[in-house]
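One structure is given below, encoded as structure tokens.
The values are calculated or read from the model by the stated rules, or taken from the named source; none is laboratory data. What you are looking at is a predicted structure, and each value in this text was computed from that prediction instead of being measured. We place every Cβ from the backbone using ideal geometry, glycine too, and count neighbours over all the protein chains shown.
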Amino acid sequence: MFATIFGILVTFANDLYEFIPLFWCLLFCGASVAPTATGIIIDSVEAHYMSASSSLSQIMYNLVGFAAGIIVSGTLMSYFTDSTDALNWGFKFVVYWNTFTLFFLLAAWKFSLNI
């Protein structure tokens, strides 16, 4: 949740002195999501599915998170003629991608309450 908040705030930073602390908070909070989410995923399955669950979660982190962030933002940036606008919107897209994490974690939490 904090990574999403800092991700939104960092896009509104006007100078380097606002950007750097917000970006470091984004990196710190974002880096804490992956181990926590992996633990939640592994703990939510039966014991004999834990290794497959861990492997599948790592594949999805790499494909949907890391690789898609580069490919999709690069595709988005190619539609701009001005390189500054392209970098600006490409960065915003990568940072706003984190809202999907918040949405799915909240959905998983709500689903776990109904069980």
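Tabulated data
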quantity: Candidate set from region 31-57 (those that are surrounded by 13 or more Cβ atoms within 10 Å (Cβ to Cβ) and not small (G, A, S)); member that is nearest to D15 (Cα to Cα); calculated: V33
quantity: Qualifying position, being under 23 Å from A31 (Cβ atoms) and either surrounded by fewer than 12 Cβ atoms within 10 Å (Cβ to Cβ) or of a type in the set (K, R) (or both), among F93, F66; calculated: F66
quantity: Whichever residue in region 69-87 is among the small types (G, A, S) and surrounded by 14 or more Cβ atoms within 10 Å (Cβ to Cβ) and, among such residues, is farthest from T99 (Cα to Cα); calculated: A86
quantity: Looking only at region 29-66, and only at residues there that are under 12 Å from the mean Cα position of the chain (by Cα) and either β-branched (V, I, T) or farther than 21 Å from A107 by Cβ (or both), the one that is modelled with the highest pLDDT; calculated: N62
quantity: Pairs with Cβ under 7 Å, 6+ apart, first in region 1-17 and more than 22 Å from W109 (Cα to Cα), second of a type in the set (A, V, I, L, M) and part of a helix (DSSP H, G or I); calculated: L9/L22; V10/L22; V10/L26; V10/V95; T11/V95; A13/L22
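Matching residues to (1) free of Cβ contacts under 8 Å to residues at least 60 places away in the same chain; (2) on the phi > 0 side of the Ramachandran plot; (3) in a helix (DSSP H, G or I); (4) among the aromatic types (F, W, Y):
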| site | (1), (2), (3), (4) |
| --- | --- |
| S32 | yes, no, yes, no |
| I41 | yes, no, yes, no |
| S57 | yes, no, yes, no |
| I71 | yes, no, yes, no |
| T81 | yes, no, no, no |
| L87 | yes, no, yes, no |
| T99 | no, no, yes, no |
